1. Considering only residues of segment 150-179 that are of a type in the set (G, A, S) and under 23 Å from the mean Cα position of the chain (by Cα), which is surrounded by the most Cβ atoms within 10 Å (Cβ to Cβ)?
2. Against the conditions (1) touching a residue at least 24 places away in the same chain (Cβ under 8 Å); (2) surrounded by 16 or more Cβ atoms within 10 Å (Cβ to Cβ), where does G277 fall short? Just the number, please.
3. Mind checking which pairs have a first residue in segment 119-133 that is more than 20 Å from P4 (Cβ to Cβ) and a second that is of a type in the set (D, E, K, R) and part of a loop (DSSP other than H, G, I, E, B), Cβ under 9 Å, 6 or more apart or different chains?
4. Does V256 satisfy the condition of being crowded, with 20+ Cβ neighbours inside 10 Å and under 27 Å from D191 (Cβ atoms)?
5. Could you list all residues from segment 46-96 that are open to solvent by less than 30 Å² (accessible area, probe 1.4 Å) and modelled with pLDDT under 95?
6. Return the pairs, sorted by first residue and then second, in which the second residue is assigned to a helix (DSSP H, G or I) and open to solvent by 70 Å² or more (accessible area, probe 1.4 Å), the first residue lies in segment 201-222 and is within 10 Å of K246 (Cα to Cα), the beta carbons are less than 6 Å apart, and the residues are 6+ apart or on different chains.
7. Could you tell me which numbered condition T143 fails, if it satisfies all but one of (1) open to solvent by 40 Å² or more (accessible area, probe 1.4 Å); (2) within 19 Å of the chain's Cα centre (by Cα); (3) of a type in the set (S, T, N, Q); (4) at pLDDT 95 or above?
8. Regarding segment 59-74, can at least one residue be identified that is touching an Asp or Glu at 6+ places or on another chain (Cβ under 8 Å) and either of a type in the set (A, V, I, L, M, F, W, C) or closer than 19 Å to P279 by Cα (or both)?
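The values are calculated or read from the model by the stated rules, or taken from the named source; none is laboratory data. Here the structure is a predicted model, which means the values were calculated and not measured. Here the Cβ positions follow ideal geometry from the backbone for every residue, glycine too, while neighbour counts run over all protein chains shown. Calculation scope for accessible area: heavy atoms of the full protein, side chains included, ligands and nucleic acids excluded. Shrake-Rupley method; radii C 1.70, N 1.55, O 1.52, S 1.80 Å.
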Amino acid sequence: MPGPLLETLKGHRQETAPIWLMRQAGRYLPEYRELRAEKGGFLELVYDSEAAAEITVQPIKRFGFDGAILFSDILIVPHAMGQGLEFLAGEGPKLSPTLLETELHSFTPTFERFDPVYETVRRTRAQISDQVTMLGFVGSPWTVATYMIAGEGSKDQGKARLLAYQDPQRMQAICDAIIEVSVEYLRGQIDAGAEAVQLFDSWAGSLAPDQFERWVIAPNAKITAAIKQSHPDTPVIGFPKGAGEKLPSYARETGVDAVGLDESLDPAWANAALPEGMPVQGNLDPLLVEAGGDALPKRIQTVLEAFEDRPHVFNLGHGIGQFTPIEHVETLLKALRG
């Protein structure tokens, strides 16, 4: 019998909305901080299957969430494609050389880097109950491309947006390469035990409408179609952060099974604008969970009421913050489950 999260993603509304939180395995958990201090850097943890599986399971043990999201990073894809990757304390990820400095064909792919991630999925699946859904993921092509082009995150993704206008053929070639690798990576995760997968398009909100159509909708549609071809029973969640009014066309045109909503969207608007019966995921503001107080249970109720007539996975509008008090997460669960 599938767990409540998987059932919801397949279109079956549950009496109590299932819950998982983006970035639920992370720095707000004391057990994560302890393990990271013992093991070293972030990337070392990702490639240590035993440690990564332990981290993936930590929030399940503590909170009893309905989904376990693979502990990894969206930049494992460019790393496997041959781009240098390091995570510097206080600075975030750095990729080198950038695609402004060199061509994609100059990289030497090392797809064996995916193997420990698959092993993490297998180990995690063996440690969780059948009622907990194992979630895999990739970064969507546009978002991954912005890092590969600039070599780091940025506020406006200006370098990638400029390249997309100046040389759309080159941008297309970059996105196509990311699509191909991402499809194989997702298939590997599913074969290892992932029961649903999420496409993280964290920087989708920076694009103009016609650019959104080309660099967000079209690539995500290609990935979804490929997964549907090989693994038709595996739900795909699309999360185009910042999509705003472009979300309904994303939902209709990408072929995803469910859409994640960021915290900027009015859930009542989303419920009215999205295709009827389509599962939704979201969309509590992570900073409200960090803040706590009387506004937290009220907002939880608002989100639940907005989606009372469609399949709904309760989640945040983005990743949980590292300074979120544990007791505020417990308050969230109590408000949701009673």
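1. A160
2. (2)
3. Pairs that qualify, where the first residue is more than 20 Å from P4 (Cβ to Cβ) and the partner is of a type in the set (D, E, K, R) and part of a loop (DSSP other than H, G, I, E, B), are T120/D48.
4. Considered against the rule, which asks whether it is crowded, with 20+ Cβ neighbours inside 10 Å and under 27 Å from D191 (Cβ atoms), V256 comes out as yes.
5. The answer is G92, and nothing else.
6. I217/E253
7. Among (1) open to solvent by 40 Å² or more (accessible area, probe 1.4 Å); (2) within 19 Å of the chain's Cα centre (by Cα); (3) of a type in the set (S, T, N, Q); (4) at pLDDT 95 or above, the lone unmet condition for T143 is (1).
8. For segment 59-74, residues touching an Asp or Glu at 6+ places or on another chain (Cβ under 8 Å) and either of a type in the set (A, V, I, L, M, F, W, C) or closer than 19 Å to P279 by Cα (or both): present.
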